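The values are calculated or read from the model by the stated rules, or taken from the named source; none is laboratory data. These numbers come from a predicted model, not from an experiment. Neighbour counts run over all protein chains shown; Cβ positions are idealised from the backbone, glycine included.
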């Protein structure tokens with residue numbers, strides 16, 4: 001299902017107005033946040049977004065602390081394209097765009113920490129920092145002052161597909177194209 005340019009810009013405007021300050025306050029590029037939300041939620045039309053109110057499709061097991069959410073929505077989701085693979089996954093709900101952007105920021109800023117994105121689905125498993133994931137987070141954060149590089153490298157912290165370099169580049173290219181197509185480079 002596609003959206004009209006007017007619908008796309010309305011979604012972007014609302015998200016920027018309600019959540020842009022949160023991204024800025026966390027020293028993360030507003031344009032990258034907007035491009036990520038647009039791609040992940042298909043400009044607010046995806047099934048997951050309609051159920052969660054969170055345009056970032058953040059999946060977090062309930063025993064993991066970051067990002068903090070008020071509720072979880074469980075859904076079957078495609079976790080890889082090639083080969084197609086599905087998993088029942090918990091998606092973070094958001095109460096507003098500002099709440100969703102706060103969660104996006106927490107996801108990025110805590111990625112790979114012991115209480116960050118799940119490397120382990122079992123609530124009984126000990127929380128252990130993932131040093132490789134932390135290194136990818138630090139690499140992404142090194143691009144904070146370059147919105148285009150930051151946007152392209154969002155797959156480093158779990159956005160889009162990231163199992164191989166080719167998939168990371170394809171996903172990053174989609175975020176970057178959205179950034180360019182909608183003139184989001186100068187947002188924030």
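Considering only residues that are buried (at least 20 other Cβ atoms within 10 Å of the Cβ), free of Cβ contacts under 8 Å to residues at least 40 places away in the same chain, within 23 Å of residue 163 (Cβ to Cβ) and touching a helix residue (DSSP H, G or I) at 6+ places or on another chain (Cβ under 7 Å), which ones fall in the range 47-97?
Of everything in the range 47-97, just one residue is buried (at least 20 other Cβ atoms within 10 Å of the Cβ), free of Cβ contacts under 8 Å to residues at least 40 places away in the same chain, within 23 Å of residue 163 (Cβ to Cβ) and touching a helix residue (DSSP H, G or I) at 6+ places or on another chain (Cβ under 7 Å), namely 57.
Given the residues 17, 40, which is the only one that is closer than 22 Å to residue 111 by Cβ, in contact with a helix residue (DSSP H, G or I) (Cβ under 9 Å, 6 or more places away or on another chain), assigned to a helix (DSSP H, G or I) and at pLDDT 95 or above?
Values: 17 fails: closer than 22 Å to residue 111 by Cβ.
Unique residue meeting the criteria: 40.
Name every residue in the range 135-159 that is in contact (Cβ under 8 Å) with a residue 40 or more places away in the chain and either more than 27 Å from residue 9 (Cβ to Cβ) or surrounded by 19 or more Cβ atoms within 10 Å (Cβ to Cβ) (or both), in order of residue number.
Matches in the range 135-159: 147, 150, 151, 154, 157, 158, 159.
Could you check the range 113-153 and list, in sequence order, the residues that are at pLDDT 95 or above, in a loop (DSSP other than H, G, I, E, B) and either over 17 Å from residue 33 (Cα atoms) or within 15 Å of the chain's Cα centre (by Cα) (or both)?
Matches in the range 113-153: 153 only.
When only residues in the range 175-188 that are surrounded by 19 or more Cβ atoms within 10 Å (Cβ to Cβ) and in a helix (DSSP H, G or I) count, which is nearest to the chain's Cα centre (by Cα)?
For the range 175-188, the residue satisfying everything is 175.
Restricting attention to the range 27-46, does a residue exist that is surrounded by 20 or more Cβ atoms within 10 Å (Cβ to Cβ), over 27 Å from residue 148 (Cα atoms) and without any contact (Cβ under 8 Å) to a residue 60 or more places away in the chain?
No: the range 27-46 contains no residue that is surrounded by 20 or more Cβ atoms within 10 Å (Cβ to Cβ), over 27 Å from residue 148 (Cα atoms) and without any contact (Cβ under 8 Å) to a residue 60 or more places away in the chain.
Look through the range 98-112, keep the residues that are in contact with a helix residue (DSSP H, G or I) (Cβ under 7 Å, 6 or more places away or on another chain) and at pLDDT below 95, and return whichever of them is surrounded by the most Cβ atoms within 10 Å (Cβ to Cβ).
So, considering only residues that are in contact with a helix residue (DSSP H, G or I) (Cβ under 7 Å, 6 or more places away or on another chain) and at pLDDT below 95, the one surrounded by the most Cβ atoms within 10 Å (Cβ to Cβ) is 111.
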